[in-house]
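K.L.:
Below you will find the structure I want to go over with you.
The values are calculated or read from the model by the stated rules, or taken from the named source; none is laboratory data. None of the values given here were measured: they were computed from a predicted structure. Every residue, glycine among them, receives a Cβ derived from its backbone with ideal geometry; neighbour counts consider all protein chains shown. Heavy atoms of the whole protein, side chains included, go into the accessibility calculation; ligands, DNA and RNA do not. Shrake-Rupley method; radii C 1.70, N 1.55, O 1.52, S 1.80 Å.
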Amino acid sequence: MGAIKTKQVERPFSRVERHKLLEWFYLKDDKGEFGHAGQWAIKRDFDAQNPDPELLKIIYSDRSLPTSINPPSATSQPSLVASMLELLKLQRGMNVLEVGAGTGYNAAMMQEIVGRTGHITTIDIQDDVVDQTRRLLKASGYGGIEVIAADGAQGFPQNAPYDRIITTVGCPDISFRWVEQLADDGFMLIPLQHGGEGFDPLVRIWKEGERLLGRLVGFSRFMSIQGELAIKQRPDFGDFVALRSREPTAVYPLFGIFKEMVESVKNKQEDQFIASLLFMVIVGDKKPFNWVNWVPPSFWDEEKGVVVIRENGIALYGDESLLADLKSLSDQWEGLGRPGFFDWRLEFLPRDRVPEIREGEWAWVIERKFSREIVRLA
Ligand SMILES: C[S@@+](CC[C@H](N)C(=O)[O-])C[C@H]1O[C@@H](n2cnc3c(N)ncnc32)[C@H](O)[C@@H]1O
């Protein structure tokens, strides 16, 4: 699929055995007894000593596999694990902190790359997940990985400074503890939610003198972090499902950025699709609603309602004044030269610091729980 690009990342994939880090997982099933957010699942027990060939096939497919429903945990999708490992640019001997240990699959991969002279610390907020992962990692030959039960928002100062800090869980904000524990020449790789849960551009963040700078480097979809960094997410998920089956308030012909959204979905141009949703988030403060389905692209406005972009037009559920917003956003998108996903430059400040935005600069500010993100157009 092209996710593995280097020998360095290929090697751990041929060595770490995903099935040895699993004792059960959940599969989607309408008749299942485990329900969450309108979806049902069944639990399948798995014995690595005597593996069921059908389940092995699933384990070695490109799927994320839930291992706990509520609170959630999972082993991430292997192609996403690979992309993030490529972006992490690990080297032998590095000291790494991971937030979101889950099954330890990614931690084991990282241990393979940093080797015996390197060190991996991985944190999970769920005690039972930590107990199981510590035991299974040890049994698979990765007993050197330190698995810590705590809220990862605190980091783990005992092992700092870290050359890399990675979170394998979607974050509505960064933690300034991580910044303190990051080596001056290191960087963090964070699935940083923009506009809410499930829309998680991968952001590389590094220190430059006194400043904390960032770039968008990829895209992901993760479950949300719990604990100190958590925020109240979108309104009740059920409301959106109900809404989709209702008649819209109005349907308008497609134009500008929305026409392009439909085209990019049709042509499976994910980069372009995500870039246009990101523009809605940064410039328009609209929140993508694509947690369950990519298509049709939809987003909501805290005050005015929900917009669903269909092939036959823009369906609006809510206040008709939203149309004027959408027109203005589309005009700005054209005026700014249709910014792509990689055109944005990020900077992070604590909430109590006022951003310095020069005159004539194209900059927007995203307020988060602890930080203020300044997004500038290159
Ligand atoms: C998608 S899973 C991680 C997948 C894992 N890296 C793997 O390779 O299997 C996300 C994990 O983040 C954990 N988590 C959620 N909030 C956390 C927090 N504040 N600190 C540490 N872990 C957290 C969840 O319990 C869950 O196990």
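K.L.:
To the nearest 10 Å², what's H119's accessible area with a 1.4 Å probe?
P.N.:
50
K.L.:
Let me ask something else about it. Name the aspartates and glutamates eligible as straight-distance cross-link partners of K31: C-alpha to C-alpha under 19 Å, and not fewer than 8 places from it in the same chain.
P.N.:
Straight-distance partners of K31: D45.
K.L.:
Mind checking the per residue accessible area of the chain for me, 1.4 Å probe, whole number of Å²?
P.N.:
Computed with neighbouring chains in place, this is 47 Å² per residue.
K.L.:
How much accessible area does W364 have with a 1.4 Å probe, in Å² rounded to the nearest 10?
P.N.:
40
K.L.:
At a Förster radius of 25 Å, what calculated FRET efficiency corresponds to the Cβ-Cβ distance of Q8 and D185, to the nearest 0.05?
P.N.:
So the FRET efficiency works out to roughly 0.85.
K.L.:
Residue by residue through segment 120-135, which ³J(HN,Hα) values in whole Hz follow from phi under the Karplus form 6.51 cos²θ - 1.76 cosθ + 1.60 (θ = phi - 60°), with glycine and proline marked x?
P.N.:
Going residue by residue, I get 10, 10, 10, 10, 9, 7, 9, 4, 5, 5, 5, 4, 5, 5, 4, 5 Hz, with x marking Gly and Pro.
K.L.:
Suppose only helical runs count, i.e. DSSP H with n ≥ 4. What mean residue ellipticity at 222 nm does that imply for the chain under -39500 (n - 2.57) per run, divided by all residues and rounded to the nearest 500 deg cm²/dmol? Mind dumping the intermediate values first?
P.N.:
On the way: 10 runs with 104 residues, N = 378.
Value at 222 nm, helices only: -8000 deg cm²/dmol.
K.L.:
Normalised by the residues of the chain, what does the relative contact order come to in percent, with Cα pairs under 8 Å and at least six apart?
P.N.:
Reported relative contact order: 11 percent.
K.L.:
Karplus couplings for segment 191-196 from phi (6.51 cos²θ - 1.76 cosθ + 1.60, θ = phi - 60°), rounded to Hz, Gly and Pro as x?
P.N.:
Along segment 191-196, the couplings run x, 9, 4, 10, x, x Hz.
K.L.:
Can I ask one more? Among the lysines, which have Cα under 30 Å from the Cα of K287 when same-chain residues fewer than 8 positions away are ignored?
P.N.:
K28, K207, K232, K259, K266, K268, K304, K327, K369
K.L.:
Ordering M1, M188 from largest to smallest accessible area (1.4 angstrom probe), what's the sequence?
P.N.:
M1, M188
K.L.:
Quick check: residue separation of W362 and R345 times 0.36 nm, minus the Cα distance between them. What number comes out in nm?
P.N.:
Using 0.36 nm per residue and subtracting the Cα-Cα distance, I get 5.1 nm.
K.L.:
Once you keep just the Cα pairs under 8 angstrom separated by 6 or more residues, what percentage relative contact order results for segment 80-137? Please report the intermediate quantities before stating the final value.
P.N.:
On the way: 70 pairs, mean separation 22.2, N = 58.
Relative contact order comes out at 38 percent.
K.L.:
Can you give the relative contact order of segment 237-335 as a percent, counting alpha carbon pairs under 8 Å and 6+ residues apart?
P.N.:
Across segment 237-335, relative contact order equals 32 percent.
K.L.:
Starting from the Cα-Cα distance between D352 and V251, subtract it from 0.36 nm times their residue separation and give me the gain in nm to one decimal.
P.N.:
32.1 nm
K.L.:
Computing the accessible area with a 1.4 Å probe over protein heavy atoms, can you report the carbon and sulfur percentage for the chain?
P.N.:
Its accessible area is 49 percent carbon and sulfur atoms.
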